[in-house]
1. Return the total of residues in the stretch 62-78 being in a loop (DSSP other than H, G, I, E, B) and either exposed (fewer than 12 other Cβ atoms within 10 Å of the Cβ) or at pLDDT below 80 (or both).
2. Filter the stretch 92-115 down to residues that are small (Gly, Ala, Ser) and in contact with an Asp or Glu (Cβ under 6 Å, 6 or more places away or on another chain) and give me whichever is modelled with the highest pLDDT.
Amino acid sequence: MTDRELLELAAKAIDQNIIGWSKDWHNEGCEVGHLVQDKLHGFYVEWNPLNYDGDAFRLAGKLGLIVHFATPNIGEDVHIQFFDIEISEPVGDDSLAAARRAIVLAAAEIGKELV
């Protein structure tokens, strides 16, 4: 599944509507999700929980995901649990990137249930 598909499903999990896509100005050449309509306030905001900690952890909070860092050591996994959904993502050299990806993967699984 592409990052774009993951983001679309993750947005669906929190009842957000992606209204447009743009190139990521931080990572030239990488097409990622931006511009989700914020239904609460009625305006458009950039959103990409794969790249931005705040977006990822707000997504986790809205879904009630439990994020567990076993240890901050290289080679450990970040674990996400949500009812019967369990996601593990290898930390590698960036534990926050692993946590963001695990959160989006879990949210995408929840979003699949809503399709």
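The values are calculated or read from the model by the stated rules, or taken from the named source; none is laboratory data. Everything numeric in this text was worked out from a predicted model, so none of it was measured. Methodologically, a virtual Cβ is constructed for each residue, glycine included, from the backbone with ideal geometry; neighbour enumeration extends over all protein chains shown.
1. Initial filter on the stretch 62-78 (in a loop (DSSP other than H, G, I, E, B)): 64-65, 70-76.
Those still in the list that are either exposed (fewer than 12 other Cβ atoms within 10 Å of the Cβ) or at pLDDT below 80 (or both) too: 64, 70-76.
The qualifying residues number 8.
2. Taking the stretch 92-115 as the starting set, the residues that turn out to be small (Gly, Ala, Ser) are 92, 95, 97-99, 102, 106-108, 111.
Subset that is in contact with an Asp or Glu (Cβ under 6 Å, 6 or more places away or on another chain): 98, 102.
Working: Ala98: 87, Ala102: 91.
Per the criteria, the residue is Ala102.
Conditions (1) at pLDDT below 70; (2) outside any strand (DSSP E or B); (3) out of contact with any helix residue (DSSP H, G or I) (no Cβ under 9 Å at 6 or more places or on another chain); (4) of a type in the set (Gly, Ala, Ser), marked per residue:
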| position | (1), (2), (3), (4) |
| --- | --- |
| Leu9 | no, yes, no, no |
| Asp15 | no, yes, no, no |
| Trp21 | no, no, no, no |
| His26 | yes, yes, yes, no |
| His41 | no, yes, yes, no |
| Ala56 | no, yes, no, yes |
| Ala60 | no, yes, no, yes |
| Ile80 | no, no, no, no |
